[in-house]
Amino acid sequence: QVQLVEAGGGLVQPGGSLRLSCAAPRSIFTGYIMGWYRQAPGKQRELVASCTNFGNTQYAESVKGRFTISRDNAKNTVDLQMNNLKPEDTAVYYCNALLPPFNFWGQGTQVTVSS
């Protein structure tokens with residue numbers, strides 16, 4: 001069952017931008033950590049960015065300075081602004097909510113950066 005809902009994926013040229021959005025039930029959104037993961041074909045799923053309930057953020061080194069994660073507590077959403085996209089960013093992006101000991105996932109949204 002899909003518990004989180006992502007939107008905003010699509011096709012973009014290198015150097016372009018996309019903004020992903022994830023909507024979650026309030027009971028899940030108020031959990032410990034909200035984050036974005038991605039998985040490229042044949043690759044392991046990796047953490048891209050995360051934000052704790054205290055507002056602390058972490059980014060993968062490969063996206064630092066280009067991606068920004070943000071939370072809107074009024075809308076129960078977490079966004080990922082992706083700038084200066086590279087072909088290496090091509091992957092399915094998944095929204096994740098960590099509420100120990102539970103994990104909740106979205107269905108994924110495809111991001112394709114042409115080369």
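Among the cysteines of the chain, those whose beta-carbon sits 4.7 Å or more from every other cysteine beta-carbon are Cys51. With helices as the sole contributors, the chain gives -500 deg cm²/dmol at 222 nm; each DSSP H run of n ≥ 4 counts as -39500 (n - 2.57), and the sum is divided by every residue.
Laboratory data are not the source of any read-out in this text; all were calculated from the coordinates shown. Treat the numbers as computed from the prediction; the structure is a model and nothing was measured. Heads up, the Cβs are rebuilt from the backbone with ideal geometry, glycines too, and the neighbour counts pull from every protein chain shown.
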